[in-house]
Amino acid sequence: MKITVFYDSRTNNTSTMAECIVEGMMKVDGVEAKAFHIDAIDDEFATASEAYVFGTPTYAGGPTAEMYSFLLNRAAKYGLAGHLGGVFATQQYIHGGADVTMLRMAETLLVFGMMIYSGGGSQGSPVIHFGPVEVSPNMDAFKDLFRIYGERFAKQAVAVTK
Ligand SMILES: Cc1cc2nc3c(=O)[nH]c(=O)nc-3n(C[C@H](O)[C@H](O)[C@H](O)COP(=O)(O)O)c2cc1C
């Protein structure tokens with residue numbers, strides 16, 4: 001099964017976390033995962049994917065304008081309805097608004113008809129409520145969290161696609 005991680009990133013925090021999610025996803029048997037900046041998407045791979053994760057830096061307590069524009073104007077062409085979706089974010093400040101940022105994306109994905117998954121409290125520690133969040137500048141401290149999220153998401157994607 002193919003899984004696509006779409007992300008926006010200007011200074012590479014979010015792209016680094018996207019690659020950690022892919023690393024975690026690739027631990028799951030039968031999963032081929034790839035991450036794409038929203039300006040450099042492999043359309044063939046993304047269209048063939050059966051689950052999708054969306055990540056963005058937090059800008060003024062929300063997704064970047066580029067990510068929001070991608071969601072509204074370009075994402076639907078990948079046939080997202082009925083597929084599993086997830087969200088993640090990076091932020092500079094511990095109270096910088098990443099939860100709101102993720103929920104704004106999740107709202108849009110729900111409107112598209114996606115099934116949203118984070119694992120929530122069901123997977124135990126580390127508990128990931130809405131999606132994983134990286135708080136700059138401690139990027140290395142968050143890499144395992146994103147790998148774990150990626151593995152959990154991919155397992156669920158396999159489970160619901162059977
Ligand atoms: C225009 C702008 C607005 C930002 N707004 C916030 C914010 O509201 N909260 C926060 O914690 N960080 C904010 N940041 C910091 C970024 O979210 C953070 O550095 C992020 O990890 C950058 O991701 P990137 O390296 O993938 O581009 C902002 C950065 C920029 C450039």
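The values are calculated or read from the model by the stated rules, or taken from the named source; none is laboratory data. Bear in mind the structure is a predicted one, so any value in this text is a computation, not a measurement. Ideal geometry is used to build each Cβ from the backbone, glycine not excepted, and the neighbour counts take in all protein chains shown. For the accessible areas, the whole protein counts, side chains as well, though only heavy atoms, and no ligand, DNA or RNA atoms are used. Shrake-Rupley method; radii C 1.70, N 1.55, O 1.52, S 1.80 Å.
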**Prompt:** Taking into account only those residues within region 107-134 that are within 16 Å of the ligand (Cβ to nearest atom) and part of a loop (DSSP other than H, G, I, E, B), which is farthest from Cys20 (Cα to Cα)?
**Reply:** Phe130
**Request:** Mind listing whichever residues of region 62-78 are surrounded by 15 or more Cβ atoms within 10 Å (Cβ to Cβ) and not in a helix (DSSP H, G or I)?
**Result:** Gly62, Pro63, Thr64
**Close pairs from region 5-17: first of a type in the set (S, T, N, Q) and near the ligand (Cβ under 6 Å from one of its atoms), partner assigned to a helix (DSSP H, G or I) and open to solvent by less than 10 Å² (accessible area, probe 1.4 Å), Cβ under 9 Å, at least 6 apart** = Ser9/Met17; Ser9/Ala18
**Complete:** Here the residues within region 63-95 that are within 13 Å of the ligand (Cβ to nearest atom) and in contact with a Gly (Cβ under 7 Å, 6 or more places away or on another chain) are Phe88, Ala89, Gln91
**Item:** Gly55 vs. criteria modelled with pLDDT of 95 or more and at positive phi
**Value:** no
**Item:** Residue in region 1-49 that is surrounded by the most Cβ atoms within 10 Å (Cβ to Cβ), counting only those that are part of a loop (DSSP other than H, G, I, E, B) and among the hydrophobic types (A, V, I, L, M, F, W, C)
**Value:** Val31
